[in-house]
Amino acid sequence: MAVDEVLRRSHAEAGGPPTLRLYQWSGPTLSLGAGQKLPPMLNPENLQTLKLTVVRRPSGGRAVWHGSDLTYCLVAGVREGFPRSISAVYSRLARVLQRGLAHLGVDTETGTAAPRGGFSCFAGVAKGDLAWRGKKLVGSAQAWQGESFLQHGVILLTPQEGQWRPLLRLLGEEESLALTSLQEILGRPPDLAVVKEALRRGLEEELGVVCQEGGLTPWETEMLSRCRDRGGQG
């Protein structure tokens, strides 16, 4: 999360490049939206029972369970031609994701409703999210800094409903989530390299850009070092 926040700050404060970052998590992790409260029932003892680590995202939205997903972070802004509009950026990036998933043979529909209540990001399909046959496959959330935005999202790779069940039961919420995964849709575990390549193609085709591999800039490396020295999440 610290890397993603530094990428947004770089774009907003230091003229940093637009960046697409794709990554996975080293262990089961619950990320909370920037303004989301941690329920009292998720105390250290219960989190240890669930074998969950908790972090907070710089983007909004509700809780996401990481570990069986591919997480993306896209940082860009007005100078790349995006409008200064949360909803318009959601719509455009949804088309990017749809193009990418179509290369895998997965046709999705976009969400149109306002976010529903509930602890989990996957309790409903809001605008900017993608669903397959009514079941949520991709969840997304945004955060802006001036004319620069960071959009986070997750694409479920393998079935996840079972791992949510004990957590939602603990919170007293409905135990069933209408979600799906690439494994369930394709009938086999997805090849991670193929999924990443499909997303890259979707980005290039929809936005008319060419992606180039790269690392952190010197400014970003310095800011990340300062963040970690203060005890930030890496």
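FYI, it's all coordinate maths here, none of it is from the lab. Keep in mind it's a predicted model, so treat the numbers as computed, not measured. Using ideal geometry, Cβ is built from the backbone for each residue, glycine included, and neighbour counts are taken over all protein chains shown.
The trypsin sites (Lys or Arg not before Pro) of the stretch 28-104 that meet both conditions, a loop assignment by DSSP and at most 14 other Cβ atoms within 10 Å of the site Cβ, are K37, K51, R84.
Summary value for the chain: 23 percent relative contact order, contacts being C-alpha pairs under 8 angstrom separated by 6+ residues. Shown for L20, L182: other C-beta atoms within 10 Å of each C-beta, ranked fewest to most, produce the order L20, L182. Taking Cα centre as origin and charging only the Cβ of basic (Lys, Arg, +1) and acidic (Asp, Glu, -1) residues, the dipole magnitude of the stretch 40-91 rounds to 160 debye.
In plain terms, the chain from Q36 to E13 could stretch by 5.7 nm, reckoned as 0.36 nm per residue minus the Cα-Cα distance.
Which pairs break 24 Å Cα to Cα here: K51/K135; K37/K127; K37/K135? Over 24 Å apart, Cα to Cα: K51/K135; K37/K135. Take the Cα of Q24, go 7 Å toward its beta carbon, and the backbone nitrogen atoms of the stretch 124-165 under 13 Å from that spot belong to 155-159. Working note: Cα gyration tensor of the stretch 163-234, eigenvalues times five, square-rooted, sorted largest first, giving semi-axes of 33, 27, 11 Å.
Taking the number of Cβ atoms within 10 Å of each Cβ as an exposure proxy, the fewest-first ranking of D69, D4 is D69, D4. Here the label points at T49 and V78, each 7 Å from Cα along the C-beta direction, are separated by 5.0 nm in the simple model. Once the Cβ-Cβ distance of V194 and L216 is raised to the sixth power relative to R0 = 30 Å, the FRET efficiency obtained is 0.70. Compared with the alpha-carbon gap, the fully stretched path from S85 to E147 is longer by 21.4 nm at 0.36 nm per residue.
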